[in-house]
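Q: Submitted below is the structure of interest, expressed as structure tokens.
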Amino acid sequence: MKRFSAILLLTALLLTLGFVPQAAADDNTVPDIEAGIAEIKKHGNIILTIGPASMIELGYEPADIVSVKIGEEEMEMPIGTSYSDVDSGDAICCFKPSESKGVDEVVLAINAGDLTSTMGIAERRDCEEAPGYEWVFAAGIEEPVTVLISMAEKQGYADRYLLHQISGSRTNDRGDYAHLSDAEYANFRAVETAGMGKDTLFRSSSPINPVINRNKEADEALLRSAGRTVMNMVDSEAGMKEFPDFSLSYYSGCDVIALNMDMDFFSAVFEGKLAEGFRYLASHDGPYLIHCREGKDRTGFAVGILECLMGAAADEVVEDYMLTYYNYYGIEPGTENYERIAAGNIVPSLSKAFEIESIRAEGVDLQSCAEAYLERIGMSRNEIEMLKSKLGEDYGGLS
């Protein structure tokens, strides 16, 4: 009876999303799909030549588990409608609208990771031509590349899919968030965990990128906080200056390091750039702002490292991280989704970074773990101590 209720709820959710579930279909009646690669995005997400409508017509839908084969590499992953439908580090076949093309796309991705590199399909190399990078296919991968998709288990991900659904969804309409202040709408806030200086470190969505319609509120909040040093995790220096009205923003007068980071928290490139960003903070005066696009994933990970470094407990780190999910999705403490999101994102991400079973384990010294992590990614003891000293200073009452 419990399983039947879950399927009914899933059906209602899919109808709301515009999908028509094929409940009667089973693994044997759903045909295999042969598609191509339309594009590989900067962070390793693969856009297929087939769209969600075509896959749905053939019997594929969210909560199915599919097998994806490219060359000799094969990986199983569920179908979902958002990268957050799987835990951080897990693969997903995502039915999602393109933010740039205005059409629905099928995207193969890893939540907070790089699917293309993980599967060994291609290597990303920097180049001078726009967009500044190119993907070079691995030996044995012939163009045009064929992607084979087959049903592994019909609705095999249904229960976990339901747990990943959040009540409501983020919109980019300020009017939908009338209960929030401008700063909350922009996901802008001071980090107030143990050991952190007062009004010293802030986190936010992008104050310059208009794509989620929060940049003006974020820039105004930055001005009010009298921020002067910014760690931009998402843009290149040239790219950030191309955003509309960049020169008119308060942000443009700050000291900014543009790190152009991907979503693979555990790659050598990501770790090297994270160390570079933290060194920049340590060598400049505060107050400080860390942001990516939404101020959720990359920002959440970086801020979590710094919170642990300054002596925060695991519960404090989780509480600060989950404020983002309240600001965007209305997820409140004590709910099933609140714990599920925390347990699937910030907890395993920091635990893996610190090479421990869990940041919530009894007796774990998170400050020592953070220090060891920073040394491992290339920071010296002197740089770490300087960073701690800077983050411990108070800037409260400056503005």
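The values are calculated or read from the model by the stated rules, or taken from the named source; none is laboratory data. Just so we're clear, the structure is a prediction, and the values are computed from it rather than from any experiment. Cβ atoms come from the backbone with ideal geometry, glycine included; neighbour counts cover every protein chain shown. Quick note on the areas: whole protein, heavy atoms, side chains included, nothing else; ligands and nucleic acids left out. Shrake-Rupley method; radii C 1.70, N 1.55, O 1.52, S 1.80 Å.
Q: Considering only region 356-394, how many residues are in contact (Cβ under 8 Å) with a residue 40 or more places away in the chain and among the acidic types (Asp, Glu)?
A: Of the residues in that region, 4 qualify.
Q: Quick one: which helices (runs of 4 or more DSSP H) lie wholly within region 274-373 and hold at least 3 residues that are open to solvent by 20 Å² or more (accessible area, probe 1.4 Å)? Step through it out loud before you land on a result.
A: Details: elements: 298-309, 314-329, 336-344, 346-354.
Fully inside region 274-373 and qualifying: 314-329, 336-344.
Q: Considering only region 333-348, I want to know if a residue exists there that is among the aliphatic types (A, V, I, L, M) and closer than 25 Å to Leu259 by Cβ. Spell out how you get there, then give the answer.
A: Taking region 333-348 first, the residues among the aliphatic types (A, V, I, L, M) are 341-343, 346-347.
Now restrict to residues that are closer than 25 Å to Leu259 by Cβ: 346-347.
Among the residues of region 333-348, at least one is among the aliphatic types (A, V, I, L, M) and closer than 25 Å to Leu259 by Cβ, which makes the answer yes.
Q: Being within 19 Å of Lys41 (Cα to Cα), without any contact (Cβ under 8 Å) to a residue 24 or more places away in the chain, of a type outside the set (Val, Ile, Thr) and open to solvent by less than 30 Å² (accessible area, probe 1.4 Å), is that true of even one residue in region 88-96?
A: Yes, some residue in region 88-96 is within 19 Å of Lys41 (Cα to Cα), without any contact (Cβ under 8 Å) to a residue 24 or more places away in the chain, of a type outside the set (Val, Ile, Thr) and open to solvent by less than 30 Å² (accessible area, probe 1.4 Å).
Q: Select from region 339-355 the residues that are in contact (Cβ under 8 Å) with a residue 40 or more places away in the chain and β-branched (Val, Ile, Thr) and write down the one among them that is nearest to Arg298 (Cα to Cα).
A: Only one residue fits best here, namely Ile346.
Q: Residue by residue through region 26-40, note down the ones that are out of contact with any Leu (no Cβ under 6 Å at 6 or more places or on another chain) and crowded, with 17+ Cβ neighbours inside 10 Å.
A: Matches in region 26-40: Val30, Ile33, Ile37, Ile40.
Q: Quick one: is Val230 crowded, with 21+ Cβ neighbours inside 10 Å and in a loop (DSSP other than H, G, I, E, B)?
A: Values: crowded, with 21+ Cβ neighbours inside 10 Å: yes; in a loop (DSSP other than H, G, I, E, B): no.
So Val230 fails the test.
Q: Which numbered condition trips up Asn215, out of (1) open to solvent by 10 Å² or more (accessible area, probe 1.4 Å); (2) closer than 15 Å to Leu201 by Cβ; (3) among the polar types (S, T, N, Q)?
A: Status for Asn215: all satisfied but (2).
Residues are listed down the side, and each one gets a yes or a no for (1) at pLDDT 95 or above; (2) under 16 Å from Val317 (Cβ atoms); (3) acidic (Asp, Glu):
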residue	(1), (2), (3)
Ala343	no, yes, no
Ala361	yes, yes, no
Ala370	yes, yes, no
Met379	yes, no, no
Asn382	yes, no, no
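Q: I've got another one for you. Within region 181-190, is there a residue that is charged (D, E, K, R) and either assigned to a strand (DSSP E or B) or touching a Pro at 6+ places or on another chain (Cβ under 6 Å) (or both)? Walk me through how you get there before you give the answer.
A: Of region 181-190, the ones charged (D, E, K, R) are 182, 184, 189.
Now drop any that are not either assigned to a strand (DSSP E or B) or touching a Pro at 6+ places or on another chain (Cβ under 6 Å) (or both), which leaves 189.
Yes, because at least one residue in region 181-190 is charged (D, E, K, R) and either assigned to a strand (DSSP E or B) or touching a Pro at 6+ places or on another chain (Cβ under 6 Å) (or both).
To keep it simple, each residue is scored yes or no on (1) under 22 Å from Phe354 (Cα atoms); (2) out of contact with any strand residue (DSSP E or B) (no Cβ under 9 Å at 6 or more places or on another chain).
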{"site": "Asp199", "(1), (2)": "no, no"}
{"site": "Arg228", "(1), (2)": "no, no"}
{"site": "Leu248", "(1), (2)": "no, yes"}
{"site": "Phe278", "(1), (2)": "yes, no"}
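Q: Has region 74-81 got any residue that is open to solvent by 30 Å² or more (accessible area, probe 1.4 Å), assigned to a strand (DSSP E or B), touching a residue at least 60 places away in the same chain (Cβ under 8 Å) and acidic (Asp, Glu)?
A: For region 74-81, residues open to solvent by 30 Å² or more (accessible area, probe 1.4 Å), assigned to a strand (DSSP E or B), touching a residue at least 60 places away in the same chain (Cβ under 8 Å) and acidic (Asp, Glu): present.
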